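The values are calculated or read from the model by the stated rules, or taken from the named source; none is laboratory data. Because the structure is predicted, anything quoted here is derived from the model rather than measured. Please note: Cβ atoms are built from the backbone with ideal geometry, for glycine as well, and neighbour counts cover all protein chains shown.
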Amino acid sequence: MNSAPRKRRDENGPRERVDRDTASEHAKPSPRNAAMDLLARREHSRLELRRKLERRFTADGLDRALEQLAEEGLQCDVRFAESFTRERLLKAYGPRRVRAELQQRGVAADVIDDALKSVPISEGVSWSGQAREALRRRFGDAGKSRIDDAEAAEGASVAKEKARRLRYLYQRGFSADDYADVVSDDEY
């Protein structure tokens, strides 16, 4: 990278030379500004922000900045949990997986419970509907007919096919009850 000073044009006059090293010394990042930069991109939990910034800043300075951001409403674990749940819900992930990921990000259990209950309602979908959507995406619209064809051919392949689908939903974070709800419907 070229270390020569850049020229900057002043609105009213000729170009002046500005040394990058000198300019960067005056604008040292604060924990608050660094956290706000991260929050400008997407919502973060408090623990995520702490993990990302703890290498760059002292613990007490970071604690004060995070507390101030929370007091001002710029960082909110409730808002993060709802946003994260909505994102995962629309990608057809199940409630068990969403819960585990939110716990890893340091969100309180009661906040997680509220998000898992309220977000599907606000989006007008259900967890079993998302399980159905996940199966449709993975196995196509002909998924039900494949099971019917397997039943006509032989019973062992039906069990294998159902176990395969159950495993897939389980890996996505759905429960066996969600699978039972989907399979009990005639449309799938």
* Structure fact -> Of (1) touching a Ser or Thr at 6+ places or on another chain (Cβ under 6 Å); (2) at pLDDT below 95; (3) of a type outside the set (Ser, Thr, Tyr), Val98 fails just (2)
* Structure fact -> Of the listed residues (Val107, Val98, Val119), the one being buried (at least 18 other Cβ atoms within 10 Å of the Cβ), touching a residue at least 40 places away in the same chain (Cβ under 8 Å) and part of a helix (DSSP H, G or I) is Val98
* To do: Filter the range 32-47 down to the residues that are buried (at least 19 other Cβ atoms within 10 Å of the Cβ) and in contact with a Phe, Trp or Tyr (Cβ under 7 Å, 6 or more places away or on another chain), then identify the one that is farthest from Glu67 (Cα to Cα).
  => His44
* Can you find a residue in the range 79-95 that is surrounded by fewer than 21 Cβ atoms within 10 Å (Cβ to Cβ) and more than 21 Å from Glu133 (Cα to Cα)? -> yes
* Asked: Do we have Lys52 as within 29 Å of Gln130 (Cα to Cα) and at pLDDT 90 or above here?
  -> no
* **Residue count, the range 48-63 (criterion: assigned to a helix (DSSP H, G or I), touching a residue at least 24 places away in the same chain (Cβ under 8 Å) and surrounded by fewer than 15 Cβ atoms within 10 Å (Cβ to Cβ))** => 1
* Check the range 135-143 and report whether any residue there is surrounded by fewer than 22 Cβ atoms within 10 Å (Cβ to Cβ), assigned to a helix (DSSP H, G or I) and of a type in the set (Asp, Glu). => no
